[in-house]
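Asker: Below you'll find the structure I mean.
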Amino acid sequence: MDIKLYNTMSRSIETFKPINEGEVSIYTCGPTVYHFAHIGNLRTYVSQDIMKRMFLANGYKVKHIMNITDVGHLTSDGDTGEDKMEKGSKREGRSVWDIAKYYTDIFMNDISDLNILSATKYTPATQYIQEQIDLVKKLEDRGYTYKIENDGIYYDTSKFADYGKLGGQNLDELKAGARVDFSNGKKNIADFALWKFSPTNEKRQMEWDSPWGIGFPGWHIECSAMCLSEIGDRLDIHSGGVDHIKVHHTNEIAQVEPVVGHKWVNYWVHMEFLNDVSGKMSKSNGEFLTLSLLKEKGYSALVYRYFLLLASYRTQLTFSYELLDGAKKSYENIVKKVADIIKSSTKDYDKFVFEEWKTKILETLNNDLNTAGSIVILQDILKSDMDANTKLKLIEFFDEILGLEFIDSAKSLLNVNIPDNIKELAKLRWFAKQNKDYAKADELKQQIINHGFQVEDKKDGFDIKKIS
Ligand code: AMP
Ligand code: ZN
């Protein structure tokens with residue numbers, strides 16, 4: 001079955017063709033772990049999760065790498081300003097390493113709550129310093145770099161003929177439109193730092209030796225270096241939020257293609273923003289919208305996920321509690337109907353009807369991740385006079401592709417006797433297992449048993465039962 005995805009590079013919907021038959025490599029830009037992720041950031045990861053689930057449902061083997069930015073992301077895109085991590089450290093009076101660990105853990109918890117499948121590997125930038133230095137060295141050997149005294153090693157964008165192609169920017173336009181002073185020593189408006197020197201008057205908490213002097217890598221080089229190191233010189237899909245198109249991803253291409261000598265990424269898939277009523281979701285203005293805040297206000301992570309899936313990943317979405325209330329009502333309605341179906345279903349289902357609908361659902365999702373369209377099909381199925389067993393089998397398939405845990409939520413509704421603390425312990429155990437912390441997972445399992453319950457793992461989650 002064809003898979004259609006919008007490719008930012010060609011500005012059109014294309015039929016996906018993998019580099020290797022039956023396999024897909026995906027690199028997604030991960031969080032900068034200096035603060036909580038806001039629910040806008042989380043929208044991007046949910047959209048990417050749908051993309052991944054869509055490939056899995058089509059039988060693809062998925063290799064997914066996500067970086068964790070724990071160094072080098074400055075507060076200004078112009079390579080000035082503070083390092084976000086050092087800023088976080090000052091704000092909270094803890095070391096940058098503590099900040100990185102703390103916010104990485106919270107991020108992992110958030111994505112687990114949102115039922116986002118784990119990446120094949122998470123790669124913190126600080127664990128790939130040598131790879132980043134090596135890549136800068138290769139660019140230097142090929143004549144793409146220059147040094148700005150007391151500042152860093154910069155990329156000379158005039159050397160790369162294709163610079164700006166992804167964002168449809170042409171170098172002459174960039175120059176003409178720029179009212180920039182070059183007193184900082186940059187040769188071209190779009191030039192960017194590959195390696196920044198540590199300030200002479202201050203010791204940074206994170207700094208490394210390099211052929212150019214003590215310092216730290218620029219933000220863009222980390223993704224290029226980790227992607228090359230973990231996936232290789234050809235990548236099926238590179239993805240991030242739309243804000244990455246014109247700078248971060250544009251710079252990534254400029255860093256890689258002169259070194260590998262050919263096209264690097266086949267599909268650039270960008271996720272649209274979630275805005276708040278003020279226009280832009282921010283970590284510094286107004287109410288900081290986090291997943292925990294939504295949970296405190298009584299919205300589960302799955303309700304938030306459902307709210308997101310009602311829109312296309314390519315349209316901007318404005319967050320409001322009214323819209324979230326509507327999504328909550330609709331999600332709970334589906335769950336109630338699923339609970340009724342569970343009560344009246346037995347095991348056998350109609351394979352022919354199942355396959356027919358499954359194809360229809362997958363065709364919809366394969367059409368540039370049309371989640372809203374697939375939810376309409378789900379509503380049609382729930383309303384239809386199809387037998388309960390086949391309905392249930394199809395709902396299982398919806399859970400696989402949309403990750404909305406309709407069946408688990410319906411079972412919890414039927415099994416209201418499971419106390420919240422047991423559900424929480426089971427979640428922590430699942431999280432520990434995802435992180436391959438089996439000792440902790442076993443310890444939590446035992447605690448659950450001691451309370452008279454047991455957890456059973458399934459392909460994509462777990463069930464909790466009372467020990468009879
Ligand atoms: P950051 O932690 O700032 O590096 O961002 C993490 C991811 O969230 C990136 O892929 C960004 O493009 C994306 N992002 C940032 N703001 C938003 C937003 N308001 N809505 C959706 N995605 C966003
Ligand atoms: Zn990146």
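The values are calculated or read from the model by the stated rules, or taken from the named source; none is laboratory data. The structure displayed is predicted, hence computed values, not measured ones. As a convention, Cβ positions derive from the backbone with ideal geometry for all residues, glycine included, and neighbour counts pool all protein chains shown. Remember, those area values only see protein heavy atoms, side chains included, never the ligands or the DNA or RNA. Shrake-Rupley method; radii C 1.70, N 1.55, O 1.52, S 1.80 Å.
Asker: Could you name the aspartates and glutamates in cross-link range of K63, using Cα to Cα under 16 Å and dropping any fewer than eight places away on the same chain?
Answerer: Correct list for K63: E21, E23, D49, E230, D233, D236.
Asker: Go through the stretch 197-259 and name the trypsin sites (Lys or Arg not before Pro) that are in a DSSP coil and have 11 or fewer other Cβ atoms within 10 Å of their Cβ.
Answerer: On the way: sites: K203, R204, R234, K246; in loops: K203, R204, R234.
Those that pass, being in a loop and sparsely packed, are K203.
Asker: Report, ordered by chain and residue number, the aspartates and glutamates lying within cross-link reach of K187, taken as a straight Cα distance under 15 Å and ignoring same-chain residues fewer than 8 apart.
Answerer: Those aspartates and glutamates meeting the cut-off are D79, E149, D151, D156, D172.
Asker: Here's something else I'd like to know. May I ask you to give the solvent-accessible area per residue for the stretch 272-327, in square angstrom, as obtained with a 1.4 angstrom probe?
Answerer: 47
Asker: Then there is this: Could you work out how far helix 96-113 tilts from the main Cα principal axis of the chain, as a 0 to 90 degree angle to the nearest 10?
Answerer: 30
Asker: Please return the longest stretch of the chain lacking exposed loop sites, where GluC sites (Glu not before Pro) count only if DSSP places them in a loop and at most 11 other Cβ atoms lie within 10 Å.
Answerer: Working: sites that count: E21, E149, E202, E287.
Result, exposed sites excluded: 288-468.
Asker: Further, regarding this structure: Pop out the ³J(HN,Hα) list for the stretch 158-163 in order, Karplus 6.51 cos²θ - 1.76 cosθ + 1.60 with θ = phi - 60°, rounded to Hz; leave Gly and Pro as x.
Answerer: Per-residue couplings from phi come out as 5, 7, 10, 4, 8, 4 Hz.
Asker: Moving to a separate point now. Under 5 Å between amide H atoms, partner at least 5 residues away or on a different chain: which partners does E23 have, H built in plane at 1.01 Å?
Answerer: K61
Asker: Tell me, what ³J(HN,Hα) does each residue in the stretch 206-217 have, in order and in whole Hz, if you take phi through Karplus 6.51 cos²θ - 1.76 cosθ + 1.60 with θ = phi - 60° and put x for Gly and Pro?
Answerer: Whole-Hz 3J(HN,Hα) from phi for the stretch 206-217: 10, 7, 9, 7, 8, x, 9, x, 5, x, 8, x.
Asker: Which pairs, out of K337/K391; K433/K458; K295/K423; K87/K137, put more than 18 Å between their alpha-carbon atoms? Don't skip to the answer; put the middle values down first.
Answerer: Working: K337/K391 11 Å; K433/K458 13 Å; K295/K423 15 Å; K87/K137 29 Å.
Pairs exceeding 18 Å: K87/K137.
Asker: Search the structure for amide H atoms under 5 Å from the amide H of N67, placed 1.01 Å from N in the peptide plane, and list their residues when 5 or more places away or on another chain.
Answerer: T28, G30, T123
Asker: Return one number: the angle in degrees, 0 to 90 and rounded to the nearest 10, between the long axis of the Cα atoms of helix 371-383 and the longest principal axis of the Cα atoms of the chain.
Answerer: Approximately 0 degrees, to the nearest 10.
Asker: Right, another one. Quick one: 3J(HN,Hα) in Hz for the stretch 193-201, Karplus 6.51/-1.76/1.60 with θ = phi - 60°, rounded, Gly and Pro as x.
Answerer: So the J values, rounded to whole Hz, are 7, 9, 9, 9, 7, 5, x, 6, 9.
Asker: A follow-up question, please. Convex hull volume of the Cα atoms in the chain, per residue, in Å³?
Answerer: Considering the Cα atoms of the chain, their hull volume per residue is 157 Å³.
Asker: A further question follows. Can you tell me the 0 to 90 degree angle between the C-alpha axis of helix 351-366 and the longest principal axis of the chain, rounded to 10?
Answerer: 20
Asker: Relative contact order for the stretch 330-432 using alpha-carbon pairs under 8 Å, separation at least 6, rounded to a whole percent? Walk me through the numbers on the way to the answer.
Answerer: Values: 71 pairs, mean separation 39.7, N = 103.
About 39 percent, as a whole number.
Asker: Separate question: Have a look at S95, A225, V136 and report the one farthest towards the positive end of the charge dipole of the stretch 93-250, computed about the Cα centre with Cβ charges (Lys/Arg +1, Asp/Glu -1).
Answerer: V136
Asker: Give me the percent of accessible area attributable to carbon and sulfur for the stretch 15-73, probe 1.4 angstrom.
Answerer: On the way: 780 of 1600 Å².
Roughly 49 percent of what the probe reaches on the stretch 15-73 is carbon or sulfur.
Asker: Then there's this: Roll a 1.4 Å probe over the protein chains and send me the accessible area per residue for the stretch 34-163 in Å². Each step should come with its number before you reach the end.
Answerer: On the way: 5030 Å² over 130 residues.
Here the residues of the stretch 34-163 average 39 Å² of exposed surface.
Asker: Distance in nm between label sites at T318 and E355, each 7 Å beyond Cα in the beta-carbon direction?
Answerer: With each label placed 7 Å out from Cα toward Cβ, I get 4.8 nm.
Asker: Another question, then. Would you please give the residues with an amide H less than 5 Å from that of N115, counting only those at least 5 places away or on a separate chain, with H modeled from the backbone geometry?
Answerer: When sequence neighbours closer than 5 places are left aside, there are no close amide H contacts.
Asker: Given the DSSP H assignment, sum -39500 (n - 2.57) over each helix run of at least 4 residues in the chain and divide by its residue total; what's the result at 222 nm in deg cm²/dmol, nearest 500? Kindly include the intermediate steps, with their values, before the conclusion.
Answerer: Numbers: 16 runs with 209 residues, N = 468.
The helix-only estimate for the chain comes to -14000 deg cm²/dmol at 222 nm.
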